[in-house]
Amino acid sequence: MASVTTRRAALSRGSSGLAVAVVLALAAALASPARLGAAADGSRGGSPDWHVVSVSKLLPSAACSTAATGTASNSSAALSVVHRHGPCSPLLARAGGAPSHAEILDRDQDRVDSIHRRASGGAASRINPARASKGLSLPAHSGVSLGTGNYVVSVGLGTPRKDFAVVFDTGSDLSWVQCKPCGDCYEQQDPLFDPSQSSTYASVPCGDAHCRGLDSSTCASGNKCRYEVVYGDQSQTDGNLVRDTLTLGSSQSSDAIQGFVFGCGDDDSGLFGKADGLVGLGRAKVSLASQAAAKYGAGFSYCLPSSNGAAGYLSLGAAAPSNARFTAMVARRDTPSFYYLDLVGIKVGGRTVKVSQAVYAAPGTVIDSGTVITRLPDTAYRAVRAAFVRAMGGRYKRAPALSILDTCYDFTGHTTVQIPSVALAFAGGATVALDFSGVLYVAKVSQACLAFASNGDDTSIGILGNTQQKTFAVVYDVANQKIGFGAKACT
């Protein structure tokens with residue numbers, strides 16, 4: 001490890017006051033070998049206001065490593081969660097390979113735009129007239145859903161059970177898979193679900209409450225409810241609303257939800273990759289979270305791993321780890337399916353960024369598993385960025401912007417890097433100190449970017465994205481209307 005003198009010289013090029021504080025903290029840390037021991041993620045201890053990380057740990061491994069992953073802290077049904085484009089994904093055979101970082105971030109902006117349109121009431125019904133002609137249109141609400149998400153789980157459907165790899169998404173309600181017979185389906189990883197081979201399959205009639213509650217639906221011949229979902233990236237799924245047995249985990253019986261309502265897609269297209277479908281965890285009646293509440297309790301939790309080469313978990317039920325810190329779950333009438341919370345402040349390098357709480361409160365903040373990068377009101381983002389740049393000083397070369405990310409660094413030639421910590425403060429006193437993986441979005445060693453972006457104004461709602469949620473047990477306690485964060489729940 002470099003000497004304190006070396007660190008002083010390096011830090012002197014940044015803010016002098018902050019440099020003194022950091023040097024003192026590092027000096028104290030040197031006297032305490034236990035605090036400076038390498039952590040599981042390759043970072044080193046020391047001042048809680050700084051992350052010191054080996055450059056070799058910045059990029060994910062090309063191999064899947066699940067040996068050190070966390071597990072759910074309760075006995076409810078738990079599923080393994082992996083990144084859809086990582087080496088642990090069952091979708092590795094995706095044609096054309098994984099999208100570039102620029103493509104991922106561009107699609108992320110499509111999703112953010114969808115959230116903003118829904119929150120502003122700007123999304124109109126998008127039922128395709130040609131498809132609507134298949135049946136009589138039922139009352140429809142906003143027919144545009146969000147772009148598809150980033151993390152996948154495996155679930156079982158039907159009797160006997162058939163397994164499917166599906167994206168999970170807190171910003172969507174309806175779960176669906178592609179089914180036989182399919183008029184126009186994209187190529188997926190697994191065989192299509194075949195309703196004729198399941199003894200527990202049944203159609204959902206048009207008068208059913210789940211059908212009436214859909215954003216967009218029609219009534220086809222035989223009184224069968226048909227759904228349509230158009231996502232913000234223009235991906236789309238159409239099909240029949242049906243019921244069948246959903247099996248979670250490896251058990252055929254104890255973790256089965258009988259009569260689970262989902263979409264059986266037969267006309268699907270877009271940016272789904274090789275995923276077999278989607279599991280929705282929104283707040284509507286048709287979501288998995290709502291349908292599973294009677295069995296597992298009203299709520300769920302998940303942990304997203306720090307690396308795309310590792311696995312986390314998704315667990316039904318709202319039991320929380322002992323270190324979880326909670327803030328109130330907020331609801332809004334204009335977007336009742338979203339989960340909101342009150343962000344009240346941000347700290348960079350241990351210092352509170354001077355932004356009025358009203359800047360965060362005016363638009364509100366939604367927490368979303370499918371958005372990659374956290375979006376802040378423009379005033380808040382500019383202040384956070386300025387504080388981060390001051391703390392970084394001149395130790396590292398600046399790098400070109402990456403899509404929506406405008407504050408990037410080049411760590412080429414360094415063996416370790418030091419970056420200031422970032423902590424989010426929520427209403428009620430909960431403060432969440434982000435993992436290193438939640439501070440920087442690393443495309444490559446020569447392009448590591450501050451993982452926050454501006455909304456471009458102070459009126460569009462803020463979004464707490466999945467990069468900032470990494471390694472936390474994120475607990476959605478719907479029964480008690482609160483959201484919690486438990487640190488170090490998975491690697």
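The values are calculated or read from the model by the stated rules, or taken from the named source; none is laboratory data. Just so it is clear, the model here is predicted, and its values are computed rather than measured. FYI the Cβ positions are ideal-geometry reconstructions off the backbone, even for glycines, and counts take in every protein chain you see. Side chains are part of the model used for accessible areas, which takes the heavy atoms of the whole protein and leaves out ligands, DNA and RNA. Shrake-Rupley method; radii C 1.70, N 1.55, O 1.52, S 1.80 Å.
Here are some notes:
- Leu343 in contact with a Cys (Cβ under 9 Å, 6 or more places away or on another chain) and within 30 Å of Gly312 (Cβ to Cβ): no
- When the strands (runs of 3 or more DSSP E) confined to segment 395-440 are screened for residues that are open to solvent by less than 10 Å² (accessible area, probe 1.4 Å) and β-branched (Val, Ile, Thr), those reaching at least 2 such residues are found at 416-420.
- Total residues in segment 201-212 satisfying the condition of being surrounded by fewer than 18 Cβ atoms within 10 Å (Cβ to Cβ) and assigned to a loop (DSSP other than H, G, I, E, B): the figure is 2.
- When Arg333 is tested against (1) within 13 Å of Tyr476 (Cβ to Cβ); (2) at pLDDT below 95, only condition (1) is not met.
- Condition check for Ala293: surrounded by fewer than 22 Cβ atoms within 10 Å (Cβ to Cβ), aliphatic (A, V, I, L, M) and in contact (Cβ under 8 Å) with a residue 24 or more places away in the chain: yes
- Arg117 being within 25 Å of Ser337 (Cα to Cα), open to solvent by 60 Å² or more (accessible area, probe 1.4 Å) and modelled with pLDDT of 80 or more: yes
- Residue selected from segment 177-191 under the condition over 9 Å from Gly239 (Cα atoms) and assigned to a strand (DSSP E or B), by the criterion modelled with the highest pLDDT: Val177
- Among residues of segment 442-483, those that are under 15 Å from the mean Cα position of the chain (by Cα) and either assigned to a strand (DSSP E or B) or farther than 25 Å from Val82 by Cβ (or both), counted: 9
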